[in-house]
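Below is one structure, written out as structure tokens; the observations come after it.
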Amino acid sequence: MSETKVSTNEDFIRPPVVTVMGHVDHGKTSILDAIRHTNVQSKEYGGITQHIGAYQIVHNLHKITFIDTPGHAAFMKMRARGGRAADIVVLVVAADEGVKPQTKEAIYHARAANTSIIVALNKIDLPGADPQKVKQELAQENILVEDWGGDILCIEVSAKSGKNLDKLLDAILAVAEISNLKANPTGELEAVIIESKLDRKRGTVVSCIVKNGTLKVGDKVVASGYEAVVRSLMDDKGIILKEAPPSTPVEVLGFKETPNVGDLLVEKGSELEQLAVDESRVEIVGKNTKKMVGIIIRADSQGTLEAVKESLANLVTSSVGQSYSLKFLRCSTGDITDSDVMLASSANGVIVGFSVKLSSEIEDFAEEFKVQVKTYKTIYELIDDTKDLLEGTATEAEAKIKGRARVIKIFKLSSGDLIAGSKVIAGALKVESRISIYDKDPNDLTKEDIPLYTGIIRKLKKGKDEVKMVGKDNECGVLLKPQYNEIAEGMWIESR
Ligand code: GDP
């Protein structure tokens, strides 16, 4: 039965949606479990808790929604697709371990999404807990908690004993209050998908959090371009609802296909529909589905965007490019953003920019996520290069194909490093891949042949540019680690 009757036209304060992030093993799951458990016990919901990707509790008469699939991957996917499901990030840092790589990553994501941060210093029960030290480490990341003169709330908790979890909830409500989170229950429906899966018994099961409007049984909705009529709604306590007001996490039945996590779910025919469709529209050009290459295009104007897209599509249908298909993951105007990088990373795609900016920050970010990004000023340059880029990527995507290259000329750098000028004969060479060097074509090897050297490709150069990968028929400079001083013209490089 529905508990909420909505009859107002006014914006109302909606409950905060909270996500928990932090380094592995610092206690994210334990905190989420402890909060839910305490609440379920004290409130006698009667229902059996259901995993629908998020749950809602009541603290001091106020509701709080927690996304309970912690981890950066989910958060990234949501951000990559533009859905901002969470209002507040609880940054969990183990008090005995302090700031770790994923703590920094979480801080980065929270900042980039413009989400409020609350620090939960967990495992305060451990003898090795050193809150002061952790706060200092946080300050180095520009997370200034109150005793460091900042305004970020920091609560010392123990998921194990339950200590101060109520204070953490108080802090969440305090931050929610100043954030002035509003929504209109009678406004346009806008929900963010947090889970989407195919269940053998129940068909497609989609979980979402309503951000605005009210989702009702019988509504005609759209997500990721897929339409559905809402057949049933269930909350995290297993209660069947007729409608779900803002900030309610709810499981939706009625979709035939599985929409993407992070995409918006909106009402069919509403003004937001275009947004829901555009975000997820994936266009595929070319027929060769074996070598599918995902691509994100950024251009300075709609006109150039269309031109770039068309030229790339032509490339695929022309004779040169027939070996692969293009999947346009996102085509959009404006500078390259970190959300492009995340989308490319999750979809194994590449990013090309035309007359747009690529900040050094985004460039570093792309490198970290191993995403290829290039920007261009002329369309010819773009087409030429994209061809190489795609061939390299397509080759890589095809299978764990071996790359073979012939050493043509050796150069010595002032640093003493040797560069093996080589031509790729088959497959592709990739930075960081393991290679072996032979004095004959690896295709003609017999059982007795052993490599002259094995190592890793440290750097690849194409002209003056450092590149991540070089495809077939291209020449490049190869730097190895460890250095191989005997490398000589005529040798063969085989990559795995
Ligand atoms: P996650 O990877 O961040 O989700 O971390 P988990 O919640 O799985 O916790 C990792 C480990 O730390 C588990 O063995 C937990 O039992 C333990 N743990 C979590 N919170 C606490 C705490 O407050 N105190 C202590 N002593 N151990 C904790």
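The values are calculated or read from the model by the stated rules, or taken from the named source; none is laboratory data. Computed from a predicted structure; not experimentally measured. Please note: Cβ atoms are built from the backbone with ideal geometry, for glycine as well, and neighbour counts cover all protein chains shown.
So here's what we get for this one:
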read-out: Selection status of residue 173, in contact (Cβ under 8 Å) with a residue 60 or more places away in the chain, within 30 Å of residue 127 (Cβ to Cβ) and in the same structural domain as residue 97 (by TED's automatic domain parsing); value: no
read-out: Residue 351 in contact with a strand residue (DSSP E or B) (Cβ under 8 Å, 6 or more places away or on another chain) and either more than 26 Å from residue 424 (Cβ to Cβ) or crowded, with 22+ Cβ neighbours inside 10 Å (or both); value: yes
read-out: Top-ranked residue in region 109-120 [being modelled with pLDDT of 95 or more and either part of a loop (DSSP other than H, G, I, E, B) or within 15 Å of the ligand (Cβ to nearest atom) (or both); ranked as nearest to residue 177 (Cα to Cα)]; value: 119
read-out: Residue 407 vs. criteria β-branched (Val, Ile, Thr), in the same structural domain as residue 487 (by TED's automatic domain parsing), surrounded by 21 or more Cβ atoms within 10 Å (Cβ to Cβ) and at pLDDT 85 or above; value: no
read-out: Hits in region 121-159 - residues which are under 21 Å from residue 86 (Cβ atoms), within 16 Å of the ligand (Cβ to nearest atom) and out of contact with any Gly (no Cβ under 8 Å at 6 or more places or on another chain); value: 121, 154, 155, 157
read-out: Residues within region 49-94 that are at pLDDT below 80 and within 16 Å of the ligand (Cβ to nearest atom), tallied; value: 7
read-out: Checklist (1) surrounded by fewer than 19 Cβ atoms within 10 Å (Cβ to Cβ); (2) in a helix (DSSP H, G or I); (3) within 15 Å of the ligand (Cβ to nearest atom); (4) not acidic (Asp, Glu) applied to residue 106, failing item; value: (1)
read-out: Which numbered condition residue 218 fails, given (1) farther than 23 Å from residue 15 by Cα; (2) at pLDDT below 95; (3) among the small types (Gly, Ala, Ser); value: (2)
read-out: Only listed residue being under 21 Å from residue 17 (Cα atoms), more than 16 Å from the ligand (Cβ to nearest atom) and not hydroxyl-bearing (Ser, Thr, Tyr), chosen from 197, 182; value: 182
read-out: Residue 162 being within 13 Å of the ligand (Cβ to nearest atom), without any contact (Cβ under 8 Å) to a residue 40 or more places away in the chain, surrounded by fewer than 19 Cβ atoms within 10 Å (Cβ to Cβ) and closer than 30 Å to residue 37 by Cβ; value: no
read-out: Scope region 314-344; condition modelled with pLDDT under 80 and part of a helix (DSSP H, G or I); matching residues; value: 314, 315, 316, 317, 339, 342, 343
read-out: Strands (runs of 3 or more DSSP E) fully within region 433-496 counting 1 or more residues that are in contact (Cβ under 8 Å) with a residue 40 or more places away in the chain and closer than 18 Å to residue 416 by Cα; value: 453-462, 475-481
read-out: Close pairs (7 angstrom Cβ cut-off, 6 or more residues apart or separate chains): in contact (Cβ under 8 Å) with a residue 60 or more places away in the chain in region 219-247, acidic (Asp, Glu) anywhere; value: 234/251; 241/235
read-out: Among residues of region 142-159, those that are of a type outside the set (A, V, I, L, M, F, W, C) and surrounded by 15 or more Cβ atoms within 10 Å (Cβ to Cβ), counted; value: 3
read-out: Any hit, region 33-47, residues being over 30 Å from residue 186 (Cα atoms), in contact with an Asp or Glu (Cβ under 9 Å, 6 or more places away or on another chain) and at pLDDT 90 or above; value: yes
read-out: Pairs where the first residue, in region 420-432, is acidic (Asp, Glu) and the second is not in a strand (DSSP E or B), C-beta under 9 Å, 6+ apart; value: 432/370; 432/468
read-out: Members of region 155-170 that are more than 28 Å from the chain's Cα centre (by Cα) and part of a helix (DSSP H, G or I); value: 165, 166, 167, 170
